[in-house]
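The values are calculated or read from the model by the stated rules, or taken from the named source; none is laboratory data. The model shown is predicted, which means the values in this text are computed figures rather than measured ones. A quick note on method: Cβ atoms are made from the backbone with ideal geometry, for glycine too, and the neighbour counts reach across all protein chains shown.
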Amino acid sequence: MLSMKSLKKTAVGLAATAMFSGSALAAEDTIKVGILHSLSGTMAISETTLKDTMLMLIEEQNKKGGLLGKKLEAVVVDPASNWPLFAEKARELIEKKKVSAVFGCWTSVSRKSVLPVFEELNSLLFYPVQYEGEESSKNVFYTGAAPNQQAIPAVDYLMNEIGVERWVLEGTDYVYPRTTNKILEAYLKAKGVDEKDILINYTPFGFADWQSEVAKIKKFGSAGKKTAVVSTVNGDANVPFYKELGNQGISAEDIPVVAFSVGEEELSGIDTKPLVGHLAAWNYFMSVDSETNDSFIEAWHAYIKDKKRVTNDPMEAHYIGFNMWVEAVKKAGTTDPAAVQDAIIGVAVPNLTGGLSAMMPNHHITKPVLIGEIQKDGQFEVVWETSGLVVGDAWSDYLPGSKDLISDWRVPLSCGNYNVKTGKCSGQNF
Amino acid sequence: MHFQLKILIFLFSMLVTHGAVAEAESKSFEQIKNLITSKSFAEKTQAVSLLAAHPERRTTEILNALLEGELYYRKTDKLLLITKKQNREYIVSDAITGQDLGVVKKREIKKITTNNSIRKKIRAALAVKQLDSEDAVTRYQAVNQILGDPDAEMVTHLQQRLEIENDKKVRQAIELALAITELESADKKDRLAAIAGVSGSIEPAVRGKLATIVADDPDEAVRKAAKKALNNISVQIQLYSFLETLFFGLSLGSVLVLAAIGLAITFGVMGVINMAHGELIMLGAYTTYVIQQALPELIGLSVLLAIPAAFIVSGLVGILIEKTVIRHLYGRPLETLLATFGISLILQQTVRSIFSPLNRSVVTPEWMSGSLEINSVLSLTYNRLYIIIFCLLVFVVLNIILKKTSLGLQVRAVTQNRSMARAMGVRSARVDALTFGLGSGIAGVAGVALSQLTNVGPNLGQSYIVDSFMVVVFGGVGNLAGTLVSGLSLGVVNQFLEPWAGAVLAKILILIFIILFIQKRPRGLFPQKGRSAEG
């Protein structure tokens, strides 16, 4: 009974703290910014860092005097890696907490879950992670990479610079790898790669027993043609995957692996010596030599009070997205979502690689694409980059269903999926 | 007198020629320096070729440093430096003279970066230098390094080496390497001879070259010969890949057995449905991590030390769980299930609070990484090999404990007939606690093994709990040998299914098979006999 009582007490205490952080601080003269990232559950590993990044950015903005003469106030909720809970928490943020914009989500399934809420309540979501494309919502701003800003340039690099002729598309079994691999397969075939030279493989989330998969890759790669692995393996399954590659003696010089979900944060948990030379494609690396990057890293280390913490690509996406929103609010003179939606198109802010990124009419942004090789110290060394910025493409040109679609949220078109052949907008909001 | 003069003249001429050589050398080094410090990878590649051809002895050290990422240059004058990093300090030496230059700050120097193709080139260049090594093993490795695509220069080097080579293994390797280059000869006869020379070799380089010949050689006879050779090779390879899959299956099976064998005691022998079993495994894995943190210099030893430590930690936690929760719930399986599920959540959250929700990295010791190369197709990874051995060891020790010790006797007595055992003076409560502790401790030991294979995180246990129950139920509840057989066979079946069904489908097929099997034989592979089975 005693334990029951104390349990209740803690529960009350917890509720009180939650309420305190939520509403007690709320005064009329602040602008509220929602942060919708999982702080518990499987995605907490990646998303907690993004919550901290947002808190840091908001704190910095407040030091600069806030926005429109008001202070910014962060409202943090925890959707606990639970996809339906994302939608509930989003509704809570918009309806109850009255936030002006929300920065959040990591997995595509969580984004799909909150999408109807944002459209119904006409609010703003800034989504910072690379994703599979095939979507353009009036209410979502995609600051991560679309497939043509990550996957396609990476394949181009391997094909043109390394001379790869045989391809293994290895992915975790869910929507992002499946769609990306569909696009890549179509792209490779369009480039004249034979069907026999493409091997597509899926493994479940958290897969640990990689021995047969790696043996299969090894066998596929011993056919006399230069082979590379394009990996959309997600989360912590990467650690045993790379370990097995090292143990079976597959070096990056023989069969390079280019990954789209492995960044500095993921590598900080493993011994990278056997991985030297394997590749990753991103729009930002911590090792990038630029002044904005140096000061960002410095600020991050000061904020998180740990010099060993790394920065990564989704953090840069939040940096860009947040600054774009700030600029758009200044331009519109109000935080009203409808006004910000119009004002933000065309806004350009500095990215961390030393250039400017701009918000395009399709709600995607312009970014440089970098290919990096893993180093012994867990950092990436840039070995190739696109000569200019790449515009994010919402609808892939390589899929039959989407190649005729374009997205342009400016008037008069105001449509996320306008079909240039039939001249019709499907009328959906996304 | 005359003689002395001669010596003097000789010495003088030596000096002059040496001086001239040194001057030419420094000139070419100047060029190399400019190329290697350039940003362009193409120019760096050029520098590597120049370095490789350079007669200076220290080029090997420079190339090695470049390969290891230890070659830097001073920003002020582009002086090439070999650096050793020691606790945030950079100890540098002049790369060309080898002279020690003390300690510098990171800001003053810049690393010379490489990419995959440059590293490959360096390795080939170093291999050529090693062709004349004293050590036959080094020579053999060197030949294998350039086996695939030696350039013209390497071919002449190989031919020269072949004439003086006396080690049989190295000779064979060189002959094979030369035959592979002959496969591209313009002369049809040479190609045919080369095909005969390489047939029987299962080197991937040979297969690759033969496959291209089959695809686009202009001559019909050559294509046929190549196809025949390729078919011969693929028969051999099929055999090896069968052995490889078998090994994979046994290793996966051992992991399953290790994870399940603790459960075979607590669930199988005692009849307690312990949903916290996975978390006891996780505790073992975290024990390994903690010991590694305490002994950062002795990675190999720390893994060995972790085995008894994990047994004690998980065993004590197990005894605690038994004393506080499970003993009050004997004979009430549903409540036990719920209570232990709750315990599993508590344990997970405790670990999350102490160690953070992030995965911890457990370092694999040197002797457990890499693989035992049987030939170029079949190689057995050491970590899996050790885990198979370890699993069998644990099984044997556990059997001895249960069959030969007095504790084992008491355990079997209590499980067969509790009241009779008590009447004979066995303290059943104590035996229960110890048995549960034993099963839990074994789970901890499994955690040590798993920490070498998979991620050590708070959710580690969850991914093994279902598999563990599956193995125990399939093998027959209350039967240790059944657990061994069922774990190994499920592992092997899974690995044979995986290549053609895919990882996701293979797992589903196994589960369907077990459901059907349990319908037919509800007591598993090896049902327990006797009266206790009814109770």
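Looking across region B:197-250 at every residue that is within 10 Å of chain A (Cβ to nearest Cβ) and outside any helix (DSSP H, G or I), the one that is nearest to B:I174 (Cα to Cα) is identified as B:E203.
For region A:335-376, a residue qualifies if it is of a type outside the set (S, T, N, Q), within 14 Å of another protein chain (Cβ to nearest Cβ) and assigned to a loop (DSSP other than H, G, I, E, B), and exactly one does: A:K376.
Kindly provide the set of residues from region B:338-377 that are at the interface with another protein chain (Cβ under 10 Å from one of its Cβ atoms) and part of a loop (DSSP other than H, G, I, E, B), ordered by number. Break it down stepwise before answering.
Pass one, region B:338-377, residues at the interface with another protein chain (Cβ under 10 Å from one of its Cβ atoms): B:349, B:352, B:356-364, B:368-371, B:373, B:376-377.
Hits for region B:338-377 are B:S356, B:P357, B:L358, B:N359, B:S361, B:V362, B:V363, B:T364, B:S369, B:G370, B:S376, B:V377.
Residue pairs whose Cβ atoms lie under 9 Å apart, sitting 6 or more positions apart in sequence or on different chains, and linking a residue in region B:209-222 that is assigned by TED's automatic domain parsing to the domain that holds B:A186 to a partner that is of a type in the set (A, V, I, L, M, F, W, C) and not in a helix (DSSP H, G or I), are B:K209/B:L183; B:L210/B:L183; B:A211/A:A223; B:T212/B:L183; B:I213/B:L183. Among the residues of region A:262-273, write down those that are more than 7 Å from chain B (Cβ to nearest Cβ) and surrounded by fewer than 22 Cβ atoms within 10 Å (Cβ to Cβ). Within region A:262-273, A:E265, A:S268, A:T272, A:K273 meet the criteria.
Taking region B:112-129 as the range and being more than 14 Å from chain A (Cβ to nearest Cβ) and surrounded by fewer than 19 Cβ atoms within 10 Å (Cβ to Cβ) as the test, only B:K129 passes.
Picking from B:E175, B:E184, which residue would you name as being surrounded by fewer than 18 Cβ atoms within 10 Å (Cβ to Cβ) and not in a helix (DSSP H, G or I)? Walk me through it before giving the result.
Details: B:E175 fails: not in a helix (DSSP H, G or I).
Being surrounded by fewer than 18 Cβ atoms within 10 Å (Cβ to Cβ) and not in a helix (DSSP H, G or I) holds for just one of B:E175, B:E184, which is B:E184.
Just checking: which of the strands (runs of 3 or more DSSP E) contained wholly in region B:33-109 hold 2 or more residues that are within 35 Å of the chain's Cα centre (by Cα) and closer than 20 Å to B:I122 by Cβ? Let's see the steps before the verdict.
Numbers: elements: B:71-74, B:80-86, B:89-94, B:100-104.
Once the strands (runs of 3 or more DSSP E) in region B:33-109 are filtered for at least 2 residues that are within 35 Å of the chain's Cα centre (by Cα) and closer than 20 Å to B:I122 by Cβ, what remains is B:71-74, B:80-86.
Can you confirm whether B:K169 is surrounded by fewer than 15 Cβ atoms within 10 Å (Cβ to Cβ) and assigned to a helix (DSSP H, G or I)? Steps first, answer last, please.
Details: surrounded by fewer than 15 Cβ atoms within 10 Å (Cβ to Cβ): yes; assigned to a helix (DSSP H, G or I): yes.
Yes, satisfied.
Only one of the numbered conditions (1) of a type in the set (A, V, I, L, M, F, W, C); (2) within 34 Å of the chain's Cα centre (by Cα); (3) away from chain A (no Cβ under 14 Å) is not met by B:L147, and that is (3).
Within region B:497-512, the set of residues being facing another protein chain (nearest Cβ under 9 Å) and more than 19 Å from A:L199 (Cβ to Cβ) comprises B:K507 only. Residues of region A:170-198 that are over 23 Å from A:R111 (Cβ atoms) and within 14 Å of another protein chain (Cβ to nearest Cβ): A:E170, A:D194, A:K196, A:D197. Could you pull out the residue among B:V317, B:V313, B:V257 that is within 23 Å of B:W367 (Cβ to Cβ), among the hydrophobic types (A, V, I, L, M, F, W, C) and in a helix (DSSP H, G or I)? Every option except B:V257 fails the conditions. Select from region B:276-310 the residues that are surrounded by fewer than 20 Cβ atoms within 10 Å (Cβ to Cβ) and outside any helix (DSSP H, G or I) and list them in ascending order. Passing the criteria: B:L295, B:P296, B:E297, B:L298.
Would you confirm whether or not region B:308-318 contains a residue that is within 13 Å of chain A (Cβ to nearest Cβ), among the aliphatic types (A, V, I, L, M) and in contact (Cβ under 8 Å) with a residue 24 or more places away in the chain? No, because not a single residue in region B:308-318 is within 13 Å of chain A (Cβ to nearest Cβ), among the aliphatic types (A, V, I, L, M) and in contact (Cβ under 8 Å) with a residue 24 or more places away in the chain. When A:K189, A:K216, A:K225 are checked against the criterion of being of a type in the set (K, R), surrounded by fewer than 21 Cβ atoms within 10 Å (Cβ to Cβ) and free of Cβ contacts under 8 Å to residues at least 12 places away in the same chain, A:K189 stands alone in meeting it. Pairs are defined by a Cβ separation below 8 Å, a sequence spacing of at least 6 or placement on different chains, a first member in region A:245-256 that is facing chain B (nearest Cβ under 7 Å), and a second member that is part of a helix (DSSP H, G or I) and of a type in the set (S, T, N, Q); the pairs so defined are A:N247/B:N383; A:Q248/A:Q211; A:A252/B:N116; A:E253/B:N116; A:E253/B:S117; A:P256/B:N116. Scanning region B:430-479 for residues that are free of Cβ contacts under 8 Å to residues at least 60 places away in the same chain and within 14 Å of chain A (Cβ to nearest Cβ), we see that the one that is surrounded by the fewest Cβ atoms within 10 Å (Cβ to Cβ) is B:V466.
Kindly indicate whether any position in region B:398-406 is closer than 30 Å to B:T245 by Cα and either at pLDDT 90 or above or in the same structural domain as B:L329 (by TED's automatic domain parsing) (or both). Among the residues of region B:398-406, at least one is closer than 30 Å to B:T245 by Cα and either at pLDDT 90 or above or in the same structural domain as B:L329 (by TED's automatic domain parsing) (or both), which makes the answer yes. Candidates are the residues of region A:380-415 that are within 14 Å of another protein chain (Cβ to nearest Cβ) and surrounded by fewer than 20 Cβ atoms within 10 Å (Cβ to Cβ); the one that is farthest from A:S426 (Cα to Cα) is A:E381. Restricting the search to helices (runs of 4 or more DSSP H) fully inside region B:414-495 and requiring at least 1 residues that are touching a Ser or Thr at 6+ places or on another chain (Cβ under 7 Å), over 27 Å from B:P308 (Cα atoms) and assigned by TED's automatic domain parsing to the domain that holds B:V303 gives B:418-423, B:462-475.
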